[in-house]
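The values are calculated or read from the model by the stated rules, or taken from the named source; none is laboratory data. Remember, it's a predicted structure, so these values are computed and weren't measured experimentally. Please note: Cβ atoms are built from the backbone with ideal geometry, for glycine as well, and neighbour counts cover all protein chains shown.
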Amino acid sequence: MFKITEDCVEKKAMSEYFSSEAKKGTAEFEELIKKFEAEPQYIFRMRDQDLEVYYIGYSDDCTRPRGFDPLDMYGEYYGCMDIQYLNAKGEYERL
């Protein structure tokens, strides 16, 4: 599961959840949100081919293959080509 928290192009805050495990609006999806908010999260950003940051958010996984879910399920539709996660050194690292 992941949550988009910032649209950097429109410069606006967001709070939209996504999951490949359950459909939005279902009780299962709401349970996944509760679980997501209670567990560790990883900050990511998605960029376009010019390396402009489009979206920032949080994911429950920063490893392959699920770490690509934000890009596959959301970012690609808006022209994002790259996803990076914030590492322990405070630097973004490409997945």
Does at least one position in the stretch 51-66 carry a residue that is modelled with pLDDT of 95 or more, among the aromatic types (Phe, Trp, Tyr) and touching a Lys or Arg at 6+ places or on another chain (Cβ under 6 Å)? yes
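Within the stretch 79-95, how many residues are loosely packed, with under 14 Cβ neighbours inside 10 Å and either closer than 16 Å to residue 3 by Cα or in contact (Cβ under 8 Å) with a residue 60 or more places away in the chain (or both)?
0
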Residue hits (the stretch 12-22; over 19 Å from residue 84 (Cα atoms) and either in a loop (DSSP other than H, G, I, E, B) or aromatic (Phe, Trp, Tyr) (or both)) are 20, 21, 22
Please verify whether the stretch 60-67 includes one or more residues that are closer than 21 Å to residue 12 by Cα, assigned to a loop (DSSP other than H, G, I, E, B) and either out of contact with any helix residue (DSSP H, G or I) (no Cβ under 7 Å at 6 or more places or on another chain) or basic (Lys, Arg) (or both). no
Of the residues in the stretch 6-55, those that are exposed (fewer than 15 other Cβ atoms within 10 Å of the Cβ) and among the hydroxyl-bearing types (Ser, Thr, Tyr) come to 15, 20, 26
Tell me which residues, restricted to the stretch 69-78, are surrounded by fewer than 17 Cβ atoms within 10 Å (Cβ to Cβ) and touching a strand residue (DSSP E or B) at 6+ places or on another chain (Cβ under 7 Å). 73, 78
Only unsatisfied item for residue 25, checking (1) closer than 14 Å to residue 3 by Cα; (2) not hydroxyl-bearing (Ser, Thr, Tyr); (3) not in a helix (DSSP H, G or I), is (1)
